[in-house]
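Novice: I'd like to ask you about the structure that follows.
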């Protein structure tokens with residue numbers, strides 16, 4: 001048994017995904033509080049979210065290069081610890097500029113761990129000779145559920161944003177302390193060029209990843225504001241929708257490898273994307289909180305296995321070195337999560353948040369239409 005195929009290494013990989021999802025989701029229930037504290041409108045909030053995206057994407061570009069030469073272990077550790085230490089600073093930033101700079105650093109930590117853990121996961125899956133990617137991404141979803149649920153629960157107990165953030169930070173530090181000694185010293189070492197422009201099938205995979213992750217980013221940053229603005233839930237309970245979305249993502253991904261083995265990659269992409277489109281329609285047309293929650297559920301189930309299928313394609317393609325291809329697709333995908341919601345802010349300011357979400361439904365149809373081309377080349 002190689003070091004990459006040891007149970008301890010799989011555990012460390014899962015903990016890395018868990019921390020990344022947890023840290024990102026802890027920010028979701030804090031968004032309405034930040035907007036109220038700084039007294040900004042949707043357009044300014046969109047600019048602030050853009051700072052998070054810029055920091056993340058810049059770090060992702062650097063991480064793809066550094067991981068190819070030095071391995072992923074130090075980057076995963078630094079990114080996870082960075083998330084834990086920066087989260088409380090998001091709560092105390094008292095001006096738009098201060099919050100923008102803090103979000104920039106938070107995004108850099110998130111971008112670093114996201115790229116590194118996916119490259120690490122590809123190495124572990126290869127050593128195992130069995131599908132593991134959906135399971136790893138399920139831990140990201142579990143982290144998303146746990147982060148949003150824990151933060152929402154703490155806020156509901158009136159512990160305050162700062163106290164709640166500090167508790168969540170401690171939990172992340174504990175998880176990273178468990179993962180650090182079990183990570184591979186060098187995952188996917190690359191002796192060739194340290195940078196290759198995405199091309200061939202990698203470009204298409206990157207586009208679909210960006211669209212799919214954009215939906216997840218919208219649920220994270222704007223889902224609560226959508227249902228609050230529609231008068232369906234109170235501000236304190238705005239995070240409930242994302243909790244349901246995360247549960248659905250987790251459920252779908254835990255059984256994702258079995259689903260793909262049964263129906264194939266193409267059917268998974270087509271069926272999942274259409275289900276997500278239906279969920280967005282239900283959410284936008286919802287007359288009550290219960291129906292809106294059903295929309296979050298459908299979106300989560302539909303989108304759950306799209307990303308793992310795309311990452312599996314990145315690992316199998318031969319147009320680029322695997323590590324750099326995974327980094328390119330991760331960068332494009334998480335740019336959708338982090339930069340895309342900033343664009344939603346501008347659209348919402350111009351034509352309203354519901355119209356922006358209808359545009360997301362149209363973009364998800366691109367995944368449906370591209371499924372045949374993607375699976376033909378994977």
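The values are calculated or read from the model by the stated rules, or taken from the named source; none is laboratory data. Computed from a predicted model, the values in this text were never measured in an experiment. Heads up, the Cβs are rebuilt from the backbone with ideal geometry, glycines too, and the neighbour counts pull from every protein chain shown.
Novice: What's the number of the condition residue 92 fails, among (1) over 20 Å from residue 17 (Cβ atoms); (2) surrounded by 17 or more Cβ atoms within 10 Å (Cβ to Cβ)?
Specialist: The one condition residue 92 does not meet is (2).
Novice: Here's a follow-up. Quick one: count up the residues across segment 317-361 that are more than 17 Å from residue 225 (Cα to Cα) and either surrounded by 19 or more Cβ atoms within 10 Å (Cβ to Cβ) or in contact (Cβ under 8 Å) with a residue 60 or more places away in the chain (or both).
Specialist: Residues meeting the conditions: 21.
Novice: When you check residue 139 against the structure, is it modelled with pLDDT of 90 or more and more than 20 Å from residue 59 (Cβ to Cβ), yes or no? I'd like the intermediate steps shown before the answer.
Specialist: Values: modelled with pLDDT of 90 or more: yes; more than 20 Å from residue 59 (Cβ to Cβ): yes.
Here the answer is yes, as residue 139 does meet what is asked.
Novice: Conditions: (1) part of a helix (DSSP H, G or I); (2) farther than 21 Å from residue 326 by Cα; (3) without any contact (Cβ under 8 Å) to a residue 40 or more places away in the chain. Residue 231 meets all but one. Number of the miss?
Specialist: Every listed condition holds for residue 231 apart from (1).
Novice: Then there is this: Of the residues that make up segment 33-55, is at least one within 16 Å of the chain's Cα centre (by Cα), part of a helix (DSSP H, G or I) and under 20 Å from residue 176 (Cβ atoms)?
Specialist: Yes: one or more hits.
Novice: Could I ask something else about it? Considering only segment 335-378, state which residues are at pLDDT below 80 and within 17 Å of residue 223 (Cα to Cα). Reasoning before the result, please.
Specialist: As a first pass, look at segment 335-378 and keep what is at pLDDT below 80: 335-342, 375-378.
Hits for segment 335-378 are 336, 337, 338, 339, 340, 341, 342.
Novice: Determine which member of the set 187, 165, 128 is more than 25 Å from residue 300 (Cα to Cα) and at pLDDT 90 or above. Break it down stepwise before answering.
Specialist: Values: 187 fails: at pLDDT 90 or above; 128 fails: at pLDDT 90 or above.
Checking each option against the conditions leaves just 165.
Novice: Given the conditions (1) modelled with pLDDT of 85 or more; (2) part of a helix (DSSP H, G or I); (3) surrounded by fewer than 20 Cβ atoms within 10 Å (Cβ to Cβ), which single one is not true for residue 159?
Specialist: Failing condition for residue 159: (2).
Novice: Hey, any hits in segment 278-285 for a residue that's over 18 Å from the mean Cα position of the chain (by Cα) and closer than 19 Å to residue 145 by Cβ?
Specialist: Yes; the residues of segment 278-285 include at least one that is over 18 Å from the mean Cα position of the chain (by Cα) and closer than 19 Å to residue 145 by Cβ.
Novice: Now a separate question. Scan segment 42-60 residue by residue and report those that are at pLDDT 80 or above and over 24 Å from residue 332 (Cβ atoms).
Specialist: 44
Novice: Here's a follow-up. Considering only segment 269-277, I want to know if a residue exists there that is farther than 16 Å from residue 357 by Cα, crowded, with 20+ Cβ neighbours inside 10 Å and in contact with a helix residue (DSSP H, G or I) (Cβ under 7 Å, 6 or more places away or on another chain). Steps first, please.
Specialist: Step one: filter segment 269-277 for residues farther than 16 Å from residue 357 by Cα, giving 269-272.
Subsequent filtering for residues that are crowded, with 20+ Cβ neighbours inside 10 Å retains 269, 272.
Filter once more, keeping what is in contact with a helix residue (DSSP H, G or I) (Cβ under 7 Å, 6 or more places away or on another chain): 269, 272.
Yes, there is a match, as at least one residue in segment 269-277 is farther than 16 Å from residue 357 by Cα, crowded, with 20+ Cβ neighbours inside 10 Å and in contact with a helix residue (DSSP H, G or I) (Cβ under 7 Å, 6 or more places away or on another chain).
Novice: Mind telling me which of the residues 87, 61, 83 ends up being in contact with a helix residue (DSSP H, G or I) (Cβ under 7 Å, 6 or more places away or on another chain) and over 18 Å from residue 25 (Cβ atoms)? Before you say what the answer is, go through the steps one by one.
Specialist: Numbers: 87 fails: over 18 Å from residue 25 (Cβ atoms); 83 fails: over 18 Å from residue 25 (Cβ atoms).
Testing whether each residue is in contact with a helix residue (DSSP H, G or I) (Cβ under 7 Å, 6 or more places away or on another chain) and over 18 Å from residue 25 (Cβ atoms) leaves just 61.
Novice: From 153, 179, grab the single residue that is under 22 Å from the mean Cα position of the chain (by Cα), surrounded by fewer than 16 Cβ atoms within 10 Å (Cβ to Cβ) and modelled with pLDDT of 90 or more. Break it down stepwise before answering.
Specialist: Working: 179 fails: surrounded by fewer than 16 Cβ atoms within 10 Å (Cβ to Cβ).
Sole residue among the options that is under 22 Å from the mean Cα position of the chain (by Cα), surrounded by fewer than 16 Cβ atoms within 10 Å (Cβ to Cβ) and modelled with pLDDT of 90 or more: 153.
Novice: From the list 107, 143, 135, which residue is within 11 Å of the chain's Cα centre (by Cα) and touching a residue at least 12 places away in the same chain (Cβ under 8 Å)?
Specialist: Among 107, 143, 135, only 143 is within 11 Å of the chain's Cα centre (by Cα) and touching a residue at least 12 places away in the same chain (Cβ under 8 Å).
Novice: Confirm whether residue 224 is more than 16 Å from the chain's Cα centre (by Cα), surrounded by fewer than 22 Cβ atoms within 10 Å (Cβ to Cβ) and assigned to a helix (DSSP H, G or I).
Specialist: no
Novice: Restricting attention to segment 58-68, does a residue exist that is assigned to a helix (DSSP H, G or I) and under 19 Å from residue 155 (Cβ atoms)?
Specialist: Taking segment 58-68 and keeping what is assigned to a helix (DSSP H, G or I), we get 58-68.
Cutting the leftovers down to under 19 Å from residue 155 (Cβ atoms) gives us none.
Checking segment 58-68: not a single residue is assigned to a helix (DSSP H, G or I) and under 19 Å from residue 155 (Cβ atoms).
Novice: Okay, next question. Would segment 283-297 turn up any residue that is modelled with pLDDT of 85 or more, within 29 Å of residue 113 (Cα to Cα) and buried (at least 24 other Cβ atoms within 10 Å of the Cβ)?
Specialist: yes
Novice: Please find, within segment 228-239, the residue that is modelled with the lowest pLDDT out of those that are surrounded by fewer than 23 Cβ atoms within 10 Å (Cβ to Cβ) and in contact with a helix residue (DSSP H, G or I) (Cβ under 7 Å, 6 or more places away or on another chain). Steps first, answer last, please.
Specialist: Filtering segment 228-239 down to residues surrounded by fewer than 23 Cβ atoms within 10 Å (Cβ to Cβ) leaves 228-237.
Still in the list and also in contact with a helix residue (DSSP H, G or I) (Cβ under 7 Å, 6 or more places away or on another chain): 228-229, 232-233, 235-236.
Values: 228: 81, 229: 75, 232: 76, 233: 72, 235: 71, 236: 67.
That would be 236.
Novice: Here's another thing I want to ask about it. Pick from 30, 66, 38: which is without any contact (Cβ under 8 Å) to a residue 24 or more places away in the chain and in contact with a helix residue (DSSP H, G or I) (Cβ under 7 Å, 6 or more places away or on another chain)?
Specialist: Details: 30 fails: without any contact (Cβ under 8 Å) to a residue 24 or more places away in the chain; 38 fails: without any contact (Cβ under 8 Å) to a residue 24 or more places away in the chain.
Among 30, 66, 38, only 66 is without any contact (Cβ under 8 Å) to a residue 24 or more places away in the chain and in contact with a helix residue (DSSP H, G or I) (Cβ under 7 Å, 6 or more places away or on another chain).
Novice: Using the structure shown, decide if residue 17 is closer than 21 Å to residue 162 by Cα and touching a residue at least 24 places away in the same chain (Cβ under 8 Å).
Specialist: Details: closer than 21 Å to residue 162 by Cα: no; touching a residue at least 24 places away in the same chain (Cβ under 8 Å): yes.
Taking the combined requirement at face value, the residue does not satisfy it.
Novice: Only helices (runs of 4 or more DSSP H) wholly contained in segment 248-361 count here; list those with 1 or more residues that are at positive phi.
Specialist: On the way: elements: 256-285, 289-303, 306-316, 322-338, 340-351.
Of the helices (runs of 4 or more DSSP H) lying wholly inside segment 248-361, those with at least 1 residues that are at positive phi span 256-285.
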